[in-house]
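The values are calculated or read from the model by the stated rules, or taken from the named source; none is laboratory data. On a predicted model such as this, the values are computed, not experimentally measured, just so you know. Cβ placement follows ideal geometry from the backbone for every residue including glycine, while neighbour counts extend to all protein chains displayed. Heavy atoms of the whole protein, side chains included, go into the accessibility calculation; ligands, DNA and RNA do not. Shrake-Rupley method; radii C 1.70, N 1.55, O 1.52, S 1.80 Å.
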Amino acid sequence: MVRLTRIAAIAAPAGLFVAAAVWVAGIVPLITNMRPVQEDDFGTSYGAIVQSVAALSFALVGFLLVRRVPGNAVSWAVLAAGVMVQVFGAAGDDVPVISDRAGVLFAALILVVIPLLFPDGRVLSRGWRWFGWVCAAVVGAAMVWPVAGLLLGPASAGALASLVVRYRRAGEAGRLQVRWLVLSVLYALGSLVIIAVAGHYLPRPTPMWFRVVVDAGNTLIAAIPVAMGFAVLKYRLWAIDVIADRTLVLLGVSGFTAAVYGAIVVGIGSAAGSGGNIWLMVLATVVVVSVLQPVRRRIESAAHHVVYGRRTDPYLILSEFSRQVAETRLGTEAMSSCAHAAAAATYATAAHVWIRADDSWQHITGWPDGTPAGRPPMPDEPANVFVEHDGTVLGAITIVKDGVLSREEKALLGDLAAQAVMVFRNVALNADLHRRLAELSHQAEELRLSRQRILTAEDSARRRIERDLHDGAQQRLVTLGISLQRLRTRLPDDPHLLTRLDAASTDLRQALGELRELARGIHPALLTEAGLADAVRSLVERSAIAAALLAVPQRRFPPAVETTAYYVVAEALTNVAKHAPDATTQVEITQRDDRLHVRVTDDGPGGADQESGTGLRGLRDRVASIGGTLTVSGTNGTNGTNGTNGTNGTNGTNGTNGTKIIADLPCA
């Protein structure tokens, strides 16, 4: 590559110097031998000079390309074409041998070599490489036998087919490069066709304004090498679509205006025999002015569709994005629109949107959907644009495309970022809110688990105390009772002593019963051994108040669920016995799907309060620790109202009193 660069540093100036020298040698005779305008001429006397200046652009652009991208064969082809066209023009009819060969080489470069290698300087595949060698043989034959130059037609058709295949296979950037070349050629050829057709119908000699237009059209020859330079250097690629769009609109409006004037002034004037009637021109002007605006809008819409397809003018994309942001309320939808607008405006293959939160990057969305996010945006990457507000970085938009972003594309992304500031702020605030909610949810879950661990430890401690009482103090008391019975049988018949011994045995049995009740209250062994149904049934039967068990499932449940349900019933019965000993209580335990419902109701005075005392509050914590809910309701009944005056009203009946405790427990 270094060697090629050195060669280019010598060859490029040399080629430009040769082209300029030959151009000077050819332009001098044109100036010195300038002849008057003939009647059949289209252009002015300076037309040949204009063409010569336009043709020199091949050498100038070729020089620039060889210096900038010497490894691209298209650069050398453009430079060689610039030299050949000057040799062809300078030799002219005076030296036909040189002129013919230079013309063949120029045609081969323009029609075969450049389309075959454009824009990266390489052929598409091995098959196309063989085609290139065949074309080289055809050019060599034409250099020896000029008649073989007729074969350049099929060779040119094949090269154009290669360009079409390349366009279909290329990405967005590659297609834009091909469009630069194709559009410039269409402009040059289109101008020649329009000039030829218009000149055919104009009177002789042609008007001066038309001759000036012809010379101006000849300058479009320079558009071909200039377009090649833009395409090869990938400079302002996206501008070709804008240029094409504006040109189509201009041509459409001009064509419509010309058609209206032709139909009214020429058509009606010829039919009426008054082709130069000033009133017909006024009528044509009125018609054009009246319908030009709606026609222009239709022409613009058609031009947008032809040039951009599903896309549109980049700044129209930004305008559409602003409208979508104004209409949508969801930040994620606006972010998706932002990614799509960024990709469409820069002709990128993908775009991603990030937000900055807690000194880290979070990927929000991308276009197309499902595209991998890749690495987070870096400050030194040119394909990134950062969204800032008051000096704070809110997020970034990253672009994935072939090649680098042009200055215009960077400006577009900057405008897009400016429009998306509020969207990024909303999304960042929403993300922060969700993060805080997640933290609160995590803390609540940790609190629930901590509460559950405490209650589990409490239950374990109760089991241990119950076991210690059963295996320790209770067994010693039983042993002591047996010892007293044996002692009684061995003592003499002393009534006073026997009476005291019987009293001691009675006290011992009462203490043992109280100890058993205490151990059973700490953690009932029956609940662990037989299950919830037998434990609750025993609890209701031993209750100090009138209680009835309406229903209870016979199946076993998880230990935490059975323990919680048991203590709900136990605490409810204890409260009724304490505050309403004369009340009647009903206990009902049912299962519905994966929920266990514990319901304890009484007909007491009501007025239970969960906040006063530790019983119901502790019960609520126990229920909540396994994900259940506890509802306590107890309202005093209301007296009826007296009747109105005039008629004796009936006294209202007292409302029913009572307390209702309902626990809803998960049992899956």
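Work out how much length Leu447 to Val282 would gain on full extension: take 0.36 nm times their residue separation and subtract the Cα-Cα distance, in nm to one decimal.
50.6 nm
When a/c is below 1.5 the answer is rounded, else prolate if a/b is larger than b/c, else oblate, so apply that to region 69-208 with a ≥ b ≥ c taken from the square roots of the Cα gyration tensor eigenvalues. Kindly include the intermediate steps, with their values, before the conclusion.
On the way: a/c = 1.99, a/b = 1.24, b/c = 1.61.
Verdict is oblate for region 69-208.
Which far-off residues, 5 or more places away or on another chain, put their amide H under 5 Å from the one on Asp402, with H placed in the peptide plane?
Here the answer is Ala173, Thr349, since their amide H atoms fall under 5 Å of that of Asp402.
Straight-line reach only, C-alpha to C-alpha below 20 angstrom: list the lysines that Lys234 could link to, leaving out same-chain residues fewer than 8 apart.
Qualifying lysines at Cα under 20 Å: Lys401, Lys410.
Skipping prolines and chain starts, which residues have an amide H placed within reach, meaning under 5 Å, of the one on Leu596, given they are 5 or more residues away or on another chain?
Residues meeting the criterion, in which the H sits 1.01 Å from N, are Leu665, Cys667.
In nm, to one decimal, how far is the Thr349 label point from the Ser290 one, both placed 7 Å along Cα→Cβ?
For the pair Thr349/Ser290, the computed spacing is 5.5 nm.
Please give every one of the lysines within straight-line cross-link reach of Lys660, meaning a C-alpha to C-alpha distance under 20 Å, and leave out same-chain neighbours fewer than 8 residues apart.
Lys578
What number do you get for region 568-610 when its Cα radius of gyration is normalised by 2.2 N^0.38 Å, N = residues?
That works out to 1.27 for region 568-610.
Go ahead and run the numbers for FRET between Leu251 and Ile31, Cβ-Cβ distance against an R0 of 30 Å, rounding to 0.05.
E between Leu251 and Ile31, to the nearest 0.05, is 0.30.
Report the extension gain between Ile662 and Ala373 in nm, rounded to one decimal, defined as 0.36 nm multiplied by the number of residues separating them, less their alpha carbon distance.
Stretched fully, the Ile662-Ala373 segment lengthens by 98.9 nm.
Which value, in Å², gives the accessible area per residue of region 58-147 when a 1.4 Å probe is used on the protein heavy atoms?
On the way: 4340 Å² over 90 residues.
Result: 48 Å² per residue.
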